[in-house]
1. Tell me, what is the per residue accessible area of the chain in Å², probe radius 1.4 Å?
2. Would you grab the residues whose amide H sits under 5 Å from the one on ASP31? Only those 5+ places off in sequence or on another chain, please, with H modelled 1.01 Å from N.
3. Spelling out what I want: for every residue of the stretch 13-21, take phi, set θ = phi - 60°, compute 6.51 cos²θ - 1.76 cosθ + 1.60 (Karplus), and round to whole Hz; glycine and proline get x.
4. Pick out, in residue order, every one of the GluC sites (Glu not before Pro) in the stretch 42-99 that is DSSP loop and has at most 16 other C-beta atoms within 10 Å; say none if there are none.
5. Would you compute, from DSSP H runs of 4+ residues alone, the mean residue ellipticity of the chain at 222 nm, taking -39500 (n - 2.57) per run and dividing by the full residue count, rounded to the nearest 500?
6. Of all accessible surface on the stretch 110-157 at a 1.4 Å probe, what whole percent is carbon and sulfur?
7. HN-Hα J couplings of the stretch 95-100 from phi, Karplus 6.51/-1.76/1.60, θ = phi - 60°, integer Hz, Gly and Pro as x?
8. How many nm separate the modelled label positions at ASP123 and ARG100, each set 7 Å beyond the Cα in the direction of the Cβ?
Amino acid sequence: MTDTIQVKLSNRSCAAGLEYARRQSAGPAKDAILCCEGMCLKGETARRAANLLGHRLAPEKTVRICHGGLLEKSGGMRDLMQRANRVLILDGCGMACCTRLTKAAFPELQPEVVFTDKMTSYDGNPFGIDEVPEAEITANAQNVAAALADKYYGCCQ
Ligand code: SF4
């Protein structure tokens with residue numbers, strides 16, 4: 001059984017992502033915000049919190065990074081990572097999917113990692129987003145994003 005995998009970097013890229021990266025690269029360096037994929041409820045909460053933090057609460061200080069973009073040979077997302085002041089990863093649980101992927105792409109990187117499941121309150125052990133009310137997911141994601149905005153950027157609109 002293997003304990004590592006190899007991923008071939010792609011020459012392809014997302015046009016919208018490249019344009020976002022081009023706009024971001026024209027401005028000052030910011031903190032890079034990454035998150036795990038978000039298939040399950042924990043990941044979904046992490047992903048929503050990352051988007052709220054990056055796009056709504058602290059857009060002047062942060063830039064959102066697509067971890068799929070780290071698998072491109074060059075271009076937007078990798079460039080934004082190289083120029084980031086700090087890399088903040090929101091992983092939904094201790095499996096740390098995004099952290100492991102990011103470290104594979106940038107072995108020397110020392111990211112700040114937040115496990116967002118430690119900051120949420122769901123009764124029981126729900127797995128999918130269909131197992132709790134939508135409003136509860138939204139509230140948890142907002143709470144996580146607000147707490148991180150306050151902690152790292154002193155802002156919490
Ligand atoms: S870190 Fe946890 S919550 Fe996020 S994608 Fe991986 S297993 Fe799911």
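The values are calculated or read from the model by the stated rules, or taken from the named source; none is laboratory data. Everything quoted here is computed from the prediction, not taken from an experiment. Don't worry about glycine lacking a Cβ; one is built from the backbone with ideal geometry, like all the others, and counts go over all protein chains shown. What goes into the accessible areas is simple: the full protein's heavy atoms, side chains included, and nothing from ligands, DNA or RNA. Shrake-Rupley method; radii C 1.70, N 1.55, O 1.52, S 1.80 Å.
1. 57 Å²
2. When sequence neighbours closer than 5 places are left aside, the close amide H contacts are THR62, VAL63, ASN85, ARG86.
3. Values, residue by residue: 8, 8, 4, 5, x, 4, 5, 4, 5 Hz.
4. Numbers: sites: GLU44, GLU60, GLU72; in loops: GLU60.
Passing both the DSSP loop test and the Cβ count: GLU60.
5. Details: 5 runs with 59 residues, N = 157.
Result for the chain: -11500 deg cm²/dmol, rounded to the nearest 500.
6. Values: 1430 of 2970 Å².
On the stretch 110-157, the fraction of accessible area on carbon and sulfur atoms equals 48 percent.
7. 3J(HN,Hα) across the stretch 95-100, in whole Hz: 4, 6, 4, 5, 4, 5.
8. Taking the two extended label points, one gets 3.3 nm.
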